[in-house]
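Nothing in this text is a laboratory measurement; each read-out follows from the coordinates by a stated rule. The structure presented is a predicted model; accordingly, all values stated were derived computationally and were not measured.
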Amino acid sequence: YLIEELKDEKLVEELLTTSEKIVVDQSVKKEKEDAVSTIQSSTTTEKAKEIVSSQKEDGSLELPDTVSKALDVESSESLVSSIKTYFINKGTKAPEDKKLLDTAITLSFLRKTSSTDTSPELKEKVAKAEKYLKTELGSDEKIKELLEKTDTVVVDHAVKKVIKEKAEQTIVQEIQETVTEEEEITKVIGIQNNE
């Protein structure tokens, strides 16, 4: 039909390829949005308080293993490494200061997985960490750039985790359905053998 209407096979092929890409992109975007909404409430206020409990006097935050485990990353070091790789891929240099990166990653994690407004204590610690970043980086623009990058990596890891969990859930469900079908077949065979 398209070839008849457009009278150009190459144009039809290009149109179909572009349409398929749009459908796939929309599907991936929807899956990502669903995963983000799932992770936005995945960290309880208690867990968030535990994460900021080791805040230093200067406002910096440690990057606890709790954060990397929640993002399904082997360790805090590998999370920092993936952040640095992301910076390199974007053509910029990651900050060398470990405290600065740890604080930014932890802040991003809290901003993306919990509601930091639920507790005055939590709100205060987040503000103190943001003040630390401002002191270290000097400008709001640099803070924004850093947090945008750490936010992206945190969300990407969280989305991967949610998708992995959904896939595992689907596999378990399919196995359970298969086992149930096999049990029913075995029952039917048993009934037929008795007759």
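Using a Gaussian network model of the chain with C-alpha springs under 10 Å, which one of GLU31, GLU96, GLU13 is most mobile by mean-square fluctuation?
Ranking GLU31, GLU96, GLU13 by mean-square fluctuation puts GLU13 first.
Give the aspartates and glutamates whose C-alpha is closer than 17 Å to that of LYS90, dropping any in the same chain fewer than 8 places away, or say none.
GLU141, GLU145, GLU148, ASP151, ASP156
Where does the chain land at 222 nm, in deg cm²/dmol rounded to the nearest 500, when only DSSP H runs of n ≥ 4 count, each adding -39500 (n - 2.57), divided by all residues?
For the chain, the value works out to -27000 deg cm²/dmol.
Based only on Cα atoms, what mean projected area does the convex hull of the range 20-79 have, in nm²?
Average projection, Cα convex hull of the range 20-79: 5.8 nm².
Restricting attention to the alpha-carbon atoms of the chain, what are Rg (one decimal) and Dmax (integer), both in Å?
Rg and Dmax of the chain, Cα atoms, are 24.3, 85 Å.
Could you identify which residue out of LEU137, LEU79, LEU147 has the top mean-square fluctuation in a GNM of the chain using Cα springs shorter than 10 Å?
So, out of LEU137, LEU79, LEU147, the one fluctuating most is LEU137.
Which whole-Hz ³J(HN,Hα) couplings does the range 113-129 yield from phi under the Karplus relation 6.51 cos²θ - 1.76 cosθ + 1.60, θ = phi - 60°, glycine and proline marked x?
Ordered by residue, 3J(HN,Hα) equals 10, 8, 9, 6, 8, 6, 9, x, 4, 5, 4, 5, 5, 5, 4, 5, 5 Hz.
Which entries of LYS93/LYS123; LYS84/LYS134; LYS144/LYS164; LYS128/LYS160 have Cα-Cα distances beyond 27 Å here?
LYS93/LYS123; LYS144/LYS164; LYS128/LYS160
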